[in-house]
Amino acid sequence: MAKYDNFLMDCWYVAAWDHELIDGKLLARTILEEPVLLYKGDSGKVVALDNRCCHRGAKLSNGRREGDCVRCMYHGLKFDATGKCIQIPGQDNVPPKMGVKSYPVVERDHLIWIWMGDVAKADVAKIIDIPYLRDPAWRGMADYMHYDADYRLIVDNLSDFAHLAFVHTHTLGGSEEYAFKTKPVAVERLENGFRVERWSMNSGPPPFHRKVVRNDAPLDRRNIGLMHVPGIFFLETLFTLAGSGAEQGNLEGARQYRNCQFFTPETRSSTHFFWNYLHDYQLDDPTVALSLHDSMVAGFLEDKFIIEGQQEVLDADPDFKMHGIVSDAPLAHFRRVLQMRIDEERAARATVHPAAQMAAAA
Ligand code: FES
Ligand SMILES: [Fe+2]
């Protein structure tokens, strides 16, 4: 099976948080099964190159950054920010075609976005706008987690609210009883994903929130989940005192959260997970962000345990058949949208480059 069966190629993926490239660090990261070198040059420009020296295949990430360039520390070939080889020690002429592939890359809102597909289609305007990642009215702690699982299993999990009560009983969820009482939410089907909105009135604060507000008063809670192709998820959460009229638009005294999550396939069965959980109150108290961060990590590890186990099952028997239940509607819709986009890309690639398609499938 070719990787093009699993990944959407022509879209922007998060390659790193900006803080991962501090101090001119050479970061090696496999993205969509391609070895990529990422770094920030002296000019402040972010560079993404094929992480294989075109001479003998040494890793450029084992090399040395020189200004905006990188030098392979095997035999000293030097490459500029476009991947062009500009120096071969001991050789007067550099063949004009000598070089490595470079990828379009954009730094925005503390994220480093990369385009792995057809360069001609890399439109910066298509990068999703996330105002709260740059707005000082929100505070969070950006972080990264690695998953040994297909990104689609993780995206399924986020599209699945029915797991909250069972997987996250003591961290993010509520009680198991809640799962039996709550009906699956209506999903708004969008061209590029979905939106769900769910209110829960007059219930105790979930554990992660209680830890920071230190108060058991009943709350009204609104969650809006937004999922975008290829694997970008936002959860907007609002808490107000029960009965304060939040449903009618009174947000006085509300405490809000913005959960931003970005999934980038590393390989068919492993994933880079970038996330930040932001809050909009007590911004001068760093322990709020720290506590929320730790609660989220605890929650994510609960998901990771289940999902990596699921991946093992699917690896052992790729023909294993899943059986849907009603609450799978959002994830089923998202899988359909994503697969449609992947299929369209494959069809276009087969028309334009039949030979390339055959080579990729081999
Ligand atoms: S392998 Fe890079 S210079 Fe020889
Ligand atoms: Fe979860």
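Bear in mind that the values in this text are calculations on the coordinates, not laboratory data. These numbers were taken from a predicted model, which means no experiment stands behind them. Positions of Cβ are backbone-derived with ideal geometry, glycine not excepted, and every protein chain shown enters the neighbour counts.
Tabulated data
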| item | result |
| --- | --- |
| Cα-based Rg and Dmax for segment 54-146, where Dmax is the largest Cα-Cα distance (Å) | 17.7, 56 |
| Calculated diffusion of segment 203-278, Stokes-Einstein form, Kirkwood radius summed over Cα pairs, 25 °C and 0.890 mPa s, µm²/s | 174 |
| Summed residue charge, Cβ within 13 Å of residue 35's Cβ, Lys/Arg positive, Asp/Glu negative | 0 |
| Taking segment 1-147 and dividing mean pair separation by its residue count, relative contact order in percent (alpha carbons under 8 Å, at least six apart) | 23 |
| Relative contact order of the chain, defined on C-alpha pairs under 8 angstrom at six or more residues apart (%) | 19 |
| Kyte-Doolittle mean at least 0.0 and Cα axial length at least 27 Å: DSSP H helices in the chain | 286-316 |
| Rotationally averaged projected area of segment 131-342 (alpha carbon convex hull; nm²) | 12.1 |
| Charge tally in the Cβ shell below 12 Å around residue 19, where Lys, Arg are +1 and Asp, Glu are -1, residue 19 excluded | -3 |
| Cβ charges +1 (Lys, Arg) and -1 (Asp, Glu), total dipole of the chain, debye | 800 |
| Exposure proxy order (Cβ contacts within 10 Å, fewest to most) of 203, 43, 295 | 43, 203, 295 |
| Ascending count of other beta-carbon atoms within 10 Å, so fewest first, for 171, 264 | 171, 264 |
| Summed side-chain charge close to residue 296 - residues other than residue 296 whose Cβ falls under 11 Å, Lys, Arg +1, Asp, Glu -1 | -4 |
| Virtual spin-label span in nm between residue 25 and residue 339, 7 Å along Cα→Cβ | 3.8 |
| Cα gyration tensor shape of segment 4-101, rounded if a/c is under 1.5, else prolate or oblate by comparing a/b with b/c | oblate |
| Rounded Å value of the spacing that divides the Cα centres of segment 10-73 and segment 304-341 | 33 |
| Value at 222 nm in deg cm²/dmol, rounded to 500, when DSSP H runs of n ≥ 4 in the chain each add -39,500 (n - 2.57) | -7500 deg cm²/dmol |
| Fewest-first ranking of 323, 75, 168, 19, using other Cβ atoms within 10 Å as the exposure measure | 323, 19, 75, 168 |
| Projected area, mean over directions - the chain, Cα convex hull, nm² | 20.7 |
| Pairwise FRET efficiency - residue 91 versus residue 283, Cβ, R0 = 51 Å, nearest 0.05 | 0.35 |
| Estimated FRET transfer efficiency (residue 45, residue 198; beta-carbon r; R0 41 Å; 0.05) | 0.45 |
| Positive-end residue of 334, 231, 187, charge dipole of the chain with Cβ unit charges | 231 |
